Structure formats: structure tokens, C-alpha cells
Amino acid sequence: MKIVQDEAGVPGVAPGTLFVAVGPAASGKSTAAALFPVDAVVCLDELRREISGGRAGDQSVTPAAVARQNILLDEHLAAGQTVLVDSTNVEPRVRANLLELAHRHGRQAVALRFTTDLDTCLERNARRPADRRVPDDVLRWQHSLAQDATMDVLLAEGFTSALVPAWELPDVRFACVTSPDGAHAYFWAVGPADYEGLLASWARDEELRVAAFEGFTDPRIVIESHAWLTKLQHEGDRPGTVMVGSVEHGRWVNWNLPSAPRPPVPAYW
């Protein structure tokens, strides 16, 4: 799998490097972070979720989340760990603070440029859960600033190099099967070749409601579901289908992906 293309022509990076994502919302930063070979990822959305009690998009807690982010980055860099900071970082002043943190520890800083086009970002953003959705005008502003952060600009700011991440997320489809009263929901993962047939099979049961589900936006869920499906397909001839988790009366009662984070309970009815 190709992870990065080195725009600046720098062959590799030193251990303990700080990678700084630079890109608007919905440009693919978290997907790349899940695949990127670093010791640790510090995600601002996750810190906002922790501080606010579950609302990753709660901007009122951003100052506290940034303070926590910087403490964690300081700890990782002091320990010599390679770390990626997963946040937009489209403003020069924000990048300057991160560069100062890396230089304080004598570490290199490498920018990861996310050049996803605006229409794609807007379309992805529209599919996000409400608590992670960014207003369109804010996303356009972020995208404009990200476009200004060219390789030359980033190198002039003090970054060692500027990389453009490239990845291919596995093609996994999800479906939600609910009881007639909506009290129970089961979330299934399946490969694309078997998706339509299994949807149709479930739909024939009059006691169930079946619909495609696009609420699993964390790439770690997709990656682990794909690994499980692949294992099942290698073990037998039957189509690989796995139950990611189940919900009863608005709370998770099963989550079957031990390495992937359990998301907030989806709104499935």
C-alpha cells in the first residue's frame, strides 16, 4: 500500500518526527491517520468528544481540547515517539505553534497536505453525523486556507518536507437490520459483491426492517471489518458477513471489533 508521495524530494524521515495534517474537514485526514505508520495519533475531534461528553463537533471546548492535544504531543515528542496530529491546521499561526513544539524537542516536523477537491469535501461532510458536520461556509474557508498552504509555503514556515498522503480504503458495505418496534438494531458488514443479495434476503423477512447504513465514518471500523471478512472468506465458501455490533433500547450491547473504537450509538430509526 502506498502511504505517501514525497513532494519535497526528502527520502524518509527521522524517528520521533511530528507529522502535521494540513487540510479542511472531510478531506481524508482521519482515514490517513488510521493507516499511517506512526507510534501515536493525537486527534482533536476525539479530544473534543472526551471533554464535551460525546460531541466531537462541540467547538466551545476547542481551547481545552487544543491544550490537551499539546500536552499529549509534548509527552510523545519527549519520549522520542513518531506522532501525527490529526486536526485541520490550515491557519499559519496554528502550524507555527506546532512547529515550535517540535523544535523545542529537537524533532523534525513534516506536513501532510490533503488536497481533496472542495466538492468531495462538501459531499463527505454532508454524510457525516450531525455532531461531526462542519458548516459549509466554514469548510469553504478551511479549504481556501489549505490551498494557500503550498509546499513552498510549508517549507518556508520550517517544515522539513511536505507529503501528500495516498491510500485506498477497503470496500466494505454496512447494513442496519432493525426489529419492527425499533428497539433492537444489528449492524452488519459485507463485501460489495454480496451486498445487494444479502439486503434482499433480509428484506424478505417481514419481521425485520433493512437499510443500507453509512454511519460508520471511522476508517478503523472499515479496516477491521474488512480484515474479519477476508478471514471468513479464506476459511470457507460462504459469503463473508460479520455483525459489527448491536444496539438495544438506544445503547450498545455488543461491539465485535476489538481494535476499532466503539462509536456513539447511531440514529438508526
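May I ask you to verify whether ALA260 is open to solvent by less than 80 Å² (accessible area, probe 1.4 Å), closer than 22 Å to GLY53 by Cα, among the hydrophobic types (A, V, I, L, M, F, W, C) and assigned to a loop (DSSP other than H, G, I, E, B)? Let's see the steps before the verdict.
Details: open to solvent by less than 80 Å² (accessible area, probe 1.4 Å): yes; closer than 22 Å to GLY53 by Cα: yes; among the hydrophobic types (A, V, I, L, M, F, W, C): yes; assigned to a loop (DSSP other than H, G, I, E, B): yes.
Taking the combined requirement at face value, the residue satisfies it.
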Q. What are the residues in segment 190-231 that are touching a Lys or Arg at 6+ places or on another chain (Cβ under 8 Å), open to solvent by less than 40 Å² (accessible area, probe 1.4 Å) and assigned to a helix (DSSP H, G or I), if any?
A. TYR195
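Within segment 113-134, can you find the residues that are touching a helix residue (DSSP H, G or I) at 6+ places or on another chain (Cβ under 9 Å) and not β-branched (Val, Ile, Thr)? Even if it seems obvious, please write down each step before you answer.
Filtering segment 113-134 down to residues touching a helix residue (DSSP H, G or I) at 6+ places or on another chain (Cβ under 9 Å) leaves 113-118, 121-122, 125-126, 131-134.
Selection gives ARG113, PHE114, ASP117, LEU118, CYS121, LEU122, ASN125, ALA126, ASP131, ARG132, ARG133.
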Q. From the set of residues in segment 136-149 that are in contact with a helix residue (DSSP H, G or I) (Cβ under 9 Å, 6 or more places away or on another chain) and within 24 Å of ARG49 (Cα to Cα), which is most open to solvent (accessible area, probe 1.4 Å)?
A. ARG140
Q: Identify, by number, the condition in (1) within 18 Å of VAL138 (Cβ to Cβ); (2) at pLDDT 95 or above that ARG68 doesn't meet.
A: (1)
Q. When you scan segment 232-253, how many residues do you find that are without any contact (Cβ under 8 Å) to a residue 24 or more places away in the chain and either open to solvent by 60 Å² or more (accessible area, probe 1.4 Å) or in a strand (DSSP E or B) (or both)?
A. 7
Q: Filter segment 32-65 down to the residues that are of a type in the set (S, T, N, Q) and open to solvent by 60 Å² or more (accessible area, probe 1.4 Å), then identify the one that is modelled with the lowest pLDDT.
A: GLN59
Q) Which number in (1) touching a Pro at 6+ places or on another chain (Cβ under 8 Å); (2) modelled with pLDDT under 80; (3) basic (Lys, Arg) marks the one condition that ARG209 misses? A) (2)
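The values are calculated or read from the model by the stated rules, or taken from the named source; none is laboratory data. Bear in mind that the values here come from a model prediction, so they are computed numbers and not experimental data. Ideal geometry is used to build each Cβ from the backbone, glycine not excepted, and the neighbour counts take in all protein chains shown. Keep in mind that these areas ignore ligands, DNA and RNA; they rest on the heavy atoms of the full protein, side chains included. Shrake-Rupley method; radii C 1.70, N 1.55, O 1.52, S 1.80 Å.
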